Amino acid sequence: QLQLVDSGGGLVQAGGSLRLSCAASERTFSSYAVGWCRQALEKERELVAVISWSGTSRDDADSVKGRFTISMDDAKNTVWLQMNSLEPKDTAVYYCNADQDFGMVLLGRGDYWGQGTQVTVSS
């Protein structure tokens, strides 16, 4: 069974950068789509970005276009979310999500989830 471990969150000033990692254990991301979702306090969960297992198809939320980039390593063990030009509105807990169905990950409803990593952006 696929297990996900999120890491890389922290406190950063507005305009700064962070890189989140989602590591797969027990198996690789081969045949899995992987996405990042975030949930801010008292707000609904929001999809941020999704990448297919082949890395050839990606989708980014409008709120992060041009600032965030999702990528996967060649070994398909790790998915990163590079976050640049961070803004206070990006403050949230970020979760890695995976499923063999790309559409389910696009909906933020994949079967597998990381434990979440907190990102806090100060103004």
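The values are calculated or read from the model by the stated rules, or taken from the named source; none is laboratory data. The structure presented is a predicted model; accordingly, all values stated were derived computationally and were not measured. Positions of Cβ are backbone-derived with ideal geometry, glycine not excepted, and every protein chain shown enters the neighbour counts. All accessible areas refer to the heavy atoms of the entire protein, side chains included, with ligands and DNA or RNA removed. Shrake-Rupley method; radii C 1.70, N 1.55, O 1.52, S 1.80 Å.
What the table shows:
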quantity	calculated
Counting all C-alpha pairs of the range 65-123, share separated by more than 13 Å (%)	70
Other-chain or far-sequence residues with amide H under 5 Å of GLY16's (modelled H)	LEU86
The chain: relative contact order in percent, alpha carbon pairs under 8 Å with at least 6 residues between	35
Per-peptide average of other Cβ atoms within 10 Å, ordering 61-73, 108-120 highest first	108-120, 61-73
Average Cα contact separation per residue, the range 55-123, under 8 Å, 6 or more apart, as relative contact order %	27
Cysteines, the chain, no other Cys beta-carbon under 4.7 Å	CYS37
By average C-beta atoms within 10 angstrom, highest first, the peptides 93-105, 16-28	93-105, 16-28
Normalised convex hull volume, the range 1-62, alpha-carbon set, Å³ per residue	123
Accessible area per residue in Å² at 1.4 Å probe, computed on the chain	51
Translational diffusion coefficient (Stokes-Einstein; Kirkwood radius from C-alpha pairs) of the chain at 25 °C, 0.890 mPa s, in µm²/s	175
CD proxy at 222 nm, helix term only [per DSSP H run n ≥ 4: -39500 (n - 2.57); per residue of the chain; nearest 500]	-1000 deg cm²/dmol
